[in-house]
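As structure tokens, the structure follows; a few thoughts come after it.
The values are calculated or read from the model by the stated rules, or taken from the named source; none is laboratory data. Keep in mind that what you see is a predicted model, and the values were worked out from it rather than measured. Here the Cβ is made from the backbone with ideal geometry for all residues, glycine too, and neighbour counts use every protein chain on show. Remember, those area values only see protein heavy atoms, side chains included, never the ligands or the DNA or RNA. Shrake-Rupley method; radii C 1.70, N 1.55, O 1.52, S 1.80 Å.
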There are 4 protein chains.
Amino acid sequence: MKPVCLVIGAGAGIGGTVGAKFAAEGYHAVLCRRSDEEGLDRLVSNIRDAGGEASGFLMDATEDGSIEERVDQVEAEIGPIDTVIYNLGAQIGNRTLDDTPHRAFELGWRLGTYGLFRIAKKVCPLMVERGKGNILVTSATAAVRGNAGQHSHAAAMGGRRMLCQTLNAEYAPQGIHIAHIIVDGSVDAPDTLGKLLGPELFKKLRETQGAKDGLLQPEKIAETYFHLAQQHRSVWTHEIDLRCYTDIPWWNSSDIGRSVASEV
Amino acid sequence: MKPVCLVIGAGAGIGGTVGAKFAAEGYHAVLCRRSDEEGLDRLVSNIRDAGGEASGFLMDATEDGSIEERVDQVEAEIGPIDTVIYNLGAQIGNRTLDDTPHRAFELGWRLGTYGLFRIAKKVCPLMVERGKGNILVTSATAAVRGNAGQHSHAAAMGGRRMLCQTLNAEYAPQGIHIAHIIVDGSVDAPDTLGKLLGPELFKKLRETQGAKDGLLQPEKIAETYFHLAQQHRSVWTHEIDLRCYTDIPWWNSSDIGRSVASEV
Amino acid sequence: MKPVCLVIGAGAGIGGTVGAKFAAEGYHAVLCRRSDEEGLDRLVSNIRDAGGEASGFLMDATEDGSIEERVDQVEAEIGPIDTVIYNLGAQIGNRTLDDTPHRAFELGWRLGTYGLFRIAKKVCPLMVERGKGNILVTSATAAVRGNAGQHSHAAAMGGRRMLCQTLNAEYAPQGIHIAHIIVDGSVDAPDTLGKLLGPELFKKLRETQGAKDGLLQPEKIAETYFHLAQQHRSVWTHEIDLRCYTDIPWWNSSDIGRSVASEV
Amino acid sequence: MKPVCLVIGAGAGIGGTVGAKFAAEGYHAVLCRRSDEEGLDRLVSNIRDAGGEASGFLMDATEDGSIEERVDQVEAEIGPIDTVIYNLGAQIGNRTLDDTPHRAFELGWRLGTYGLFRIAKKVCPLMVERGKGNILVTSATAAVRGNAGQHSHAAAMGGRRMLCQTLNAEYAPQGIHIAHIIVDGSVDAPDTLGKLLGPELFKKLRETQGAKDGLLQPEKIAETYFHLAQQHRSVWTHEIDLRCYTDIPWWNSSDIGRSVASEV
């Protein structure tokens, strides 16, 4: 029986591609996403066509019980979950506070923070029993700095990051590797960036910036995810960032003269 | 009409004392807390006895509409809110993940993150119209690092910190000063530390550690809160930490040999 | 005998103005700077004309023994040093690596890091004996993030920040308050920004940005420095940032789409 | 001609082992260290015996010109430097400020910060010309927090970290991948930890803590270094941490009650 890699948030970007990478390396990939059955089927078929094992489920992760029942089912019918890829985003674009409804703020938390709490609460005891397991959490720039218009997203991601640290503090000594992965840039992902920009703009961006490796490529991201899951327990990484060579890191704004502060 | 200092979370520690400081400096202090009418009345009386203006309200800040209605009432009946002290804690003590119910995790978010979002959404437009205002947010070590047993608290405070940054990014240029204040240690506060430890232990701690200024004194904390509210808009502080001179800062653990990493 | 406030790096910006503030509050201000005797005399005279006490010294702080001898002299002839304002900058403008000579990099370290080590080594034993003292360190954005062209400055400031933490770890429990103050923006300072921009550009900047409080005003900065020096030892601040209400904080770059990372 | 992996600081821990890993993967490993010719020869022989290519040099990296001449020689006689492993440590154990001579503080800077500046200044133009290259910098906990007794080390590492960011800002867009690797714990390294503890204590530590994977194993560290050097330029990591599953991360001190700050 193959170890299971359970992907929560398996679109045609990071989630699906990381699942495919794990499948290619001998895992059974379980892909979960909220909608687009056709897209999900395509991801599963692609993995199977390449000789890998995969299953797909449509699931609304914000519903109480949804994640929990999925874990039960996977453990009972497919195999022990070795690695969770928690890849649910909460980005709703830039919105002023006025334009951020209470419901949107709460939804951000449900996707960005609470869902991770829920799946950790469910799988950690199973992993502790087996003495091992990985929880790889896709995160964003907003986890380390809150920018204008990102009220919902940043609050959700900031909570996510701290939660990764509390989980690590409790579970690392029990053999569970938790990694918080800051994806600091735009991913070449049709299901997120593509939908945000629309097909034309997205196509253009790929042909210009993307052609010079200026968009994070999911296949390459997947290699680092897989490396993290294979790290020996004497050398675990808890936090890592990923960005294009041409992208300005989040901590480098371009303001000139900003550091002319003190004097001789 | 005096400017109003609205304190959300006004116990007999930071909240009540900061309120009293602002009242002594010419503000009308509006003190809100969930329970203990007697304690609340005492805080209000003390301020009035000292010649200051104060009002007190019992209020469950986690209830939808509670904060919002209070703001409306204060603006209509007392005066324009110049400064908000957001002082709701979400500390529930150290608990394993297993011992952290879903409800507790959600409550942490409601108190720690969502309440701040709600009050900001309500008062920021008012402050923008007046071209000025302060939102001073009490925060904790858990906002910058998640420790074992702090799943609910750290996630809530991490979200709070990022939210302070997104609010600052949108509202600082419009004249609203938002400050995130990391209280990195134990406060000499009967309503929180006192209740956590019980009367005997708390008394003992005060007589030993407290006698050497080893507990943060609310009156002294209040001076820095007031200073922040008075900073000129050309020199605003967004983040500041406060701790006892004898406390080890959160970033300094005591492990020896930890940094023997590289070699000659 | 008045307590002494010793300013290392006393130009007509933060350094001189903080010295004047302390003098106005009852300290003897000792102003040290490398050059411009006339400018120094003016600062001293202004303080004296206002009824305060001040002394001025020209001194090359990068010379071995210079700081050390000054401390000896001040302690012997003027009074006990209560507060050190370490205000030496190391900003040399934006330069590529190729355009940053070895000597410039070393000078940055001598001004930015080594000088602080030297003065701490000299005054801390004196302050420990007296059971109290303050070392307030002006720092810059470059202490928390290294930007393009800032090789020398950022390395120096990054070292400075960590040194402040090691000094705090050793000396806070012994009564010495060390504060690292991040000045995150352009200061309305003729001796630094003024010289960097030239008189015409500087004048223009003051009339536009400055007129809307868009440059940090040294007089207002000085109020926070003084507040820090007065904080009760139960509530010391170790790190604080200061910036204009209109300035984008260092952690907020303006890139759009940067946080579109994960997917549903 | 094989690409060269140049290791500055090649002891029998991280440096030598990373060199061996790169040699095993097809690089020519050039190992540089200050002393112990026998130890150096052993590292080189081991690589050659395993079928790899390696060269070894004794070199005092703190001497002006030493690093620079080595780069010239390697480029002329061995091959183009593809990857630099900058692995010079500056740890001198825990020392009070009083017990940290000026010379020791300066040496820390020469090893920890200035040496990296020097090698970057020398190799970056070569790498830019070739459109690619890696500079992997071993760093320590002291780069992100300054602890008691670490004055020299923390100042040096704090400078190192900021320098990595300025180098990245300038050179990443030109194809040079710079990574700052925080080794947050004790490495199973005879040349550093072994010498610090002495042979008996080190043997004991290995048999107890080490036997449970409680010391970072250089062979496992080397895998992550190699992974970083192979990351596609669309997904570069700039900062990463490594620690044992049983080690408490630097940001998690064990103080209880520390976060009981605010109140309801």
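Helical runs assigned H by DSSP (4 residues or longer) give chain A a calculated mean residue ellipticity at 222 nm of -12500 deg cm²/dmol, each run adding -39500 (n - 2.57) before division by the residue total. Extent along the principal axes, Cα only, for region D:161-217: 48, 21, 15 Å, with the longest axis given first. For chain C, the longest principal axis of the alpha carbon atoms and the long axis of helix C:218-230 meet at an angle near 60°. Here the accessible area is traced with a 1.4 Å probe on the protein chains. For region C:88-219, carbon and sulfur cover 53 percent of it. Over all orientations, region A:66-147 has a Cα convex hull whose mean projected area works out to 6.3 square nanometres. Output the 0 to 90 degree angle, nearest 10, between the alpha-carbon long axis of helix B:151-171 and the longest principal axis computed from the alpha carbons of chain B. Orientation of helix B:151-171: about 50 degrees from the principal axis. A Cβ-based charge dipole, computed about the Cα centre of region C:163-209 with Lys and Arg at +1 and Asp and Glu at -1, lands at about 160 debye. Only Cα pairs under 8 Å and 6+ residues apart enter the sum, and on that basis the relative contact order of region C:96-213 stands at 29 percent. Chain A has one residue whose beta-carbon comes closest to the axis relating it to chain C; that residue and its distance in whole Å are A:SER253, 2. I want to check a number: in chain B, how many lysine pairs have alpha carbons closer than 27 Å, given a sequence separation of 8 or more or different chains? Summing the qualifying lysine pairs gives 24. Rounded to 0.05, the FRET efficiency of the D:ARG42 and A:ALA211 pair, given R0 = 41 Å and the Cβ-Cβ distance, is 0.30. Rounded to the nearest 10 degrees, the inclination of helix A:115-130 to the longest alpha-carbon principal axis of chain A is 40 degrees. Find every distance from the label point of A:HIS102 to the corresponding label point in the other copies (7 Å from Cα along Cα→Cβ) and write them in nm, one decimal, shortest first. Once sorted, the set of distances for A:HIS102 reads 2.1, 6.5, 6.6 nm. Using R₀ = 45 Å, calculate the FRET efficiency as 1/(1 + (r/R₀)^6) where r is the Cβ-Cβ separation of D:ASP49 and A:GLU75; round to 0.05. Between D:ASP49 and A:GLU75 the formula returns 0.45.
So what does the Cα-only Debye profile of region B:1-102 read at q = 0.12, 0.18, 0.20 Å⁻¹, as log10 I(q)/I(0), no solvent term? Values returned for q = 0.12, 0.18, 0.20 Å⁻¹ are -0.40, -0.78, -0.93.
Remark: label point of B:ASP49 defined 7 Å out from Cα along the Cα-Cβ vector; separations to the same position in other copies 5.0, 8.1, 8.4 nm, ascending.
Take the Cβ atoms of D:GLU129 and C:LYS2, set R0 to 56 Å, and the FRET efficiency comes out at 0.35. Considering region D:128-167, its Cα convex hull presents a mean projected area of 3.2 nm².
If I build a Gaussian network model for chain D, linking alpha-carbon pairs within less than 10 angstrom, which residue out of D:GLY185, D:GLY108, D:GLY51 has the largest mean-square fluctuation? Comparing D:GLY185, D:GLY108, D:GLY51 in a Gaussian network model of chain D, the most mobile one is D:GLY51.
With the alpha-carbon atoms of the protein assembly as shown aligned to their principal axes, the span from lowest to highest coordinate is 80, 65, 60 Å, starting with the largest.
Label points for C:GLU75 are taken 7 Å from Cα along Cα→Cβ. From this copy to the others they lie 5.0, 5.8, 6.6 nm apart, shortest first.
Calculate the dipole size of region A:41-95 relative to its Cα centre from +1 charges on Lys and Arg beta carbons and -1 charges on Asp and Glu beta carbons; express the result in debye to the nearest 20. Dipole of region A:41-95, to the nearest 20 debye: 420 debye. Taking every DSSP bridge with both residues inside the protein assembly as shown, close to 5 percent are antiparallel. In chain A, the ratio of gyration radius to Kirkwood radius, Rg to Rh, stands at 0.98 when only Cα atoms are counted.
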